[in-house]
Amino acid sequence: MSDVTAPPPVRPLRELLPHLIWEAVLLLVAIGVAVTLYSGKGERLFTSGGIWLPIASLGFATTGLALSLRTGTPNLAVGPLASLAAFLYADQGMGVAILAVAGLGLLLALLVGLTGMPAWAVTLIGGLAVSATVIGATDGKVTPLRDVPDGPRWIWGIAFIVLSIVGGVVFAIPAVRRYLAANRPAGGETGAFSLAKLVGALVGVFGSSVLAAVAGVVLTIQQVSAGVIDPGFTLAGLVCALLAGVSPFGRRAGILGVVLAVVIYVCTRYLLTLENLDIWITMLIEALIGLFGVLVVWLLELIGRRASPYVAAASRPAPVIAPGFPPPPYAPAPVGAYGAAPFAPPGPVNPAPPLAPPPSSAPPAAGPPPGPSWPPAVAPPMSAPPAPPSSAPPSSAPPASGPPAAGPPPGPSWPPAQ
């Protein structure tokens with residue numbers, strides 16, 4: 001069964017605590033990377049506010065992808081949807097861009113929720129179709145942004161940080177996390193439909209599509225134009241989500257991990273760019289960061305799986321034994337119930353068997369015991385065989401040397417035989 005039917009944990013912090021510890025490590029790494037960039041060649045990025053738009057654009061895309069991972073419906077069309085939003089924003093405006101991408105996201109979410117098919121397969125094919133549409137609509141040319149908005153750039157960065165933290169806090173609520181993560185694979189439910197899975201797909205796929213549209217808008221403001229191909233938000237967002245500790249199986253994630261991972265990724269990318277390294281080296285380092293994030297998620301999953309059975313067992317009710325039926329073998333039967341052992345008073349453990357008197361070597365006393373016995377024994381009537389005619393022994397036969405045969409003394413016997 002899916003996790004939505006599991007009993008609620010009695011200690012919600014037990015599942016969240018490993019993520020909080022890992023986020024403390026990410027905080028130290030983010031501070032170190034940011035200080036290194038600021039003290040080196042990237043001081044102008046912080047003084048001019050140019051660091052905010054790269055963090056915001058990648059941050060919205062990563063937040064959307066992390067949302068789909070939390071609900072167990074990974075949206076691998078985040079990058080193509082962001083490129084579509086960037087083109088529509090540069091050509092038609094922000095409203096048209098967000099509404100068009102939201103409509104496509106709703107279509108993908110319904111397809112995932114109603115069919116029960118894996119979201120990664122549906123969104124990957126859907127993203128391929130979106131990329132083909134963008135290339136055909138732009139005719140392979142860059143679309144310049146005609147109306148560049150004025151205003152501080154840090155607003156987009158603050159909006160991303162607040163949205164990501166609020167989403168993490170909401171998903172830290174056990175009831176919300178369990179219900180929206182109904183698409184987390186539990187085995188034996190491939191293609192099964194349920195209302196909880198439909199709601200999870202709507203929240204994950206549709207919500208991540210809207211956030212991808214916002215990421216495309218911010219990217220267009222940053223570059224003052226809209227590109228043709230995927231800006232790479234899918235892979236970069238997946239690397240950041242894994243580094244943040246967001247489980248690709250669903251449900252398990254922290255609160256500040258996405259924000260810290262995006263800051264680490266963007267600052268590291270600027271450090272590598274300012275060092276004039278080849279592009280393949282930069283891509284290799286990003287891949288190594290993603291593999292390290294996979295190991296982090298694997299470790300957090302192991303810790304979470306060891307804690308979940310204890311939490312579930314603590315809230316599992318005791319078995320109820322129906323009266324009138326034999327109890328199961330693991331439960332003691334009440335005294336007097338059907339199938340119960342008879343009551344025996346307590347006694348010494350393993351009492352020694354009574355010693356039998358040794359057999360007497362003396363021959364038993366001949367004859368009945370003295371005195372009458374009651375009740376008298378009634379013997380069944382028996383017919384004695386006819387006695388052979390007596391004949392006197394020959395005079396030459398020797399006398400018998402053995403003792404006389406034991407028998408009852410002469411006279412009447414008691415009780416009389418009947």
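The values are calculated or read from the model by the stated rules, or taken from the named source; none is laboratory data. Bear in mind that the values here come from a model prediction, so they are computed numbers and not experimental data. Positions of Cβ are backbone-derived with ideal geometry, glycine not excepted, and every protein chain shown enters the neighbour counts.
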### All positions within the range 89-130 that are over 35 Å from the mean Cα position of the chain (by Cα) and not aliphatic (A, V, I, L, M)
TYR89, ASP91, GLN92, GLY93, GLY95
### Query
Filtering the range 164-200 down to residues that are assigned to a helix (DSSP H, G or I) and over 23 Å from GLU15 (Cβ atoms), which residue is modelled with the lowest pLDDT?
LEU195
### Message
If I filter the range 261-285 down to residues being polar (S, T, N, Q) and surrounded by fewer than 17 Cβ atoms within 10 Å (Cβ to Cβ), which single residue comes out as nearest to THR62 (Cα to Cα)?
### Response
THR282
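Out of VAL228, VAL258, VAL205, report the one residue that is crowded, with 21+ Cβ neighbours inside 10 Å, in contact (Cβ under 8 Å) with a residue 40 or more places away in the chain, among the β-branched types (Val, Ile, Thr) and within 19 Å of ALA100 (Cβ to Cβ).
VAL205
Hey, among PRO149, PRO144, which residue is surrounded by fewer than 19 Cβ atoms within 10 Å (Cβ to Cβ), in contact with a strand residue (DSSP E or B) (Cβ under 9 Å, 6 or more places away or on another chain) and of a type outside the set (Gly, Ala, Ser)? Break it down into steps so the answer makes sense when it comes.
Numbers: PRO149 fails: in contact with a strand residue (DSSP E or B) (Cβ under 9 Å, 6 or more places away or on another chain).
From the options PRO149, PRO144, the qualifying one is PRO144.
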## Note on the structure
Exception for ARG44 within (1) in contact (Cβ under 8 Å) with a residue 40 or more places away in the chain; (2) farther than 22 Å from ARG146 by Cα falls at (1)
### Query
If a residue has to be polar (S, T, N, Q) and more than 23 Å from TRP298 (Cβ to Cβ) to count, how many in the range 15-74 make the cut?
5
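With respect to GLY113, is the statement that it is touching a Lys or Arg at 6+ places or on another chain (Cβ under 8 Å) and farther than 18 Å from GLN223 by Cβ true? Reasoning before the result, please.
Values: touching a Lys or Arg at 6+ places or on another chain (Cβ under 8 Å): yes; farther than 18 Å from GLN223 by Cβ: yes.
In short, yes.
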